[in-house]
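Right, one structure below, let's go through it.
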Amino acid sequence: MLPTIGRQSEVGNLIKRLDMTTKTKTSPAVQHDEPGLPSTAAVAADISSSVHRAAVRPLPLRCRNCGASCDPGPTAICVDCLGPLEPVYDVARALPDKKTIAARPPSLWRYREWLPFEGDAAIALDTGFTPLIDAPALARRLGVARVWVKNDAVSHPTLSFKDRVVAVAINAADAFGLKTFGCASTGNLANAVAAQARRAGLDSWVFIPHDLELGKVVGTAVYGVNLVRVQGTYDDVNRLCAQVADHFGWGIANVNLRSYYGEGSKTVAFEIAEQLGWRLPTAVVTPMAGGSLLTKLNKGFREFREAGLVAGSAPRLYGAQGDGCAPIVRLVERGDSTLVPEIPRTIAKSLAIGCPPDGIYAAQTIRETGGWAAAASDGEIVDGIRLLAEYVGVFTEPAGGVTVAAALSLARQGRLHPDDEVVLCITGNGLKTVEAVSSKLLETPVIAAKLREVSALVDAKAAAGRSNSGPEFT
Ligand SMILES: Cc1ncc(COP(=O)(O)O)c(C=O)c1O
Ligand SMILES: [Zn+2]
């Protein structure tokens, strides 16, 4: 049984209980010690001693609002103005050319000069470089020149783009000597943190809303981390984790390590540029939850243009959210600068952040690039998932359904143009969230292993006048 808690003091109690029952801090009872398996503490110690650690040095930080400088550290908020801190790159550093990058291993570390460290990373070296898939049928459907799908549904190791941000955050955690690595998550981040923490031999505490999809919960618990379900929304979980990070001194990927973590999302932009043959699309549609991915896509494209690796205008960025939790979309539509938080009610649970920390910056970025934003109802999300599956052969989770549905709606509004070359960011895998679509799919026949029963099905299909020529979507 996974614990479900409601308040921060309950985290302290849980830890005390675990200390008493297990003697060591690294083998709490909520982890899955089973007869016949080595204890989780033993596994962690084993891995820890075998993981080779090179010394990366995280870069110093600077406040995006007031410009105040800050030493490298597990801190994400400016003490002067509470603005977000960002890594400071040495503008005079040597940068690789296209050929050098192309000759490097196919992971996100091939762009290491744009990631927030000096020295070579030693952990999570095999994440990144997911496929960019040409999707001509979808292009026809959207009425644009080209469409590609950036398929992070097959990201290594946990099938979402959160593997990228975690690859960066865990190297920062390790460099700061933090022994516990955790997160507040809407699901995908939980999977990624759990997998990478265990592999690196770090203790891990993962906090999620109590009502996530089974695949997201099981896909975290299987790693034997301390998984805690919190009564409340993601925003409650996030507030709790801010207190937890301070109180216990843990590295929380998207809280006190957020300044480093966010930089991992830039690698989606770098890969798109390289995979298009060192050029940029004209438009990118991406899902938004906290709003970080969208702002980092823009930063990534800008950095590659500044480095002379790609030419031409910056792509217009389009943000997508579920209609039942669309505070950034509504901010873009209103055109003012005050984000109005929402209580989430959408099947796109991975995007259900009612008070997005980077929401204002995402809206600003959308306006600056000449893009726009769109929200998708639950029904449109399901249609979007099915359309991507049937047109492109990619099974996405609701976040990808939101992206496809938003692209259709933006095309209908005339915001995508006939000469546009569009990339759709598909950020997570549908196998984690089968409940989103399972009830909407046609009933599957069960037959005896007899040819005549197959013939009967084929005849029935022909009589109904339907072949598998393509989906009918509204
Ligand atoms: C599958 C998926 N796509 C997109 C996002 C949005 O990312 P961000 O919070 O950076 O806006 C998330 C966030 O959890 C996600 O899980
Ligand atoms: Zn500041």
*For CYS66, work out the one condition from (1) more than 16 Å from ligand 2 (Cβ to nearest atom); (2) surrounded by fewer than 14 Cβ atoms within 10 Å (Cβ to Cβ) it doesn't fulfil.*
(1)
*In segment 58-77, what residues are outside any strand (DSSP E or B) and under 14 Å from ALA175 (Cα atoms)?*
LEU59, PRO60, ASP71, PRO72, GLY73, PRO74, THR75
*Enumerate the helices (runs of 4 or more DSSP H) found wholly within segment 322-414, keeping only those where 2 or more residues are out of contact with any Leu (no Cβ under 7 Å at 6 or more places or on another chain), in the same structural domain as SER292 (by TED's automatic domain parsing) and among the aliphatic types (A, V, I, L, M).*
327-334, 378-392, 398-412
*Which condition does LYS150 not pass, out of (1) part of a helix (DSSP H, G or I); (2) in contact with a helix residue (DSSP H, G or I) (Cβ under 7 Å, 6 or more places away or on another chain), if it passes all the others?*
(1)
*Regarding VAL79, is this residue away from ligand 1 (no atom under 16 Å from the Cβ) and touching a residue at least 12 places away in the same chain (Cβ under 8 Å)?*
no
*Pick from segment 84-96 the residues that are within 23 Å of GLY249 (Cβ to Cβ) and away from ligand 1 (no atom under 16 Å from the Cβ): which of them is surrounded by the fewest Cβ atoms within 10 Å (Cβ to Cβ)?*
PRO87
*asked:* Can you go through ILE385, ILE360, ILE381, ILE347 and tell me which one is within 16 Å of ligand 2 (Cβ to nearest atom) and more than 16 Å from the chain's Cα centre (by Cα)?
replied: ILE360
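The values are calculated or read from the model by the stated rules, or taken from the named source; none is laboratory data. Bear in mind that the values here come from a model prediction, so they are computed numbers and not experimental data. Cβ atoms come from the backbone with ideal geometry, glycine included; neighbour counts cover every protein chain shown.
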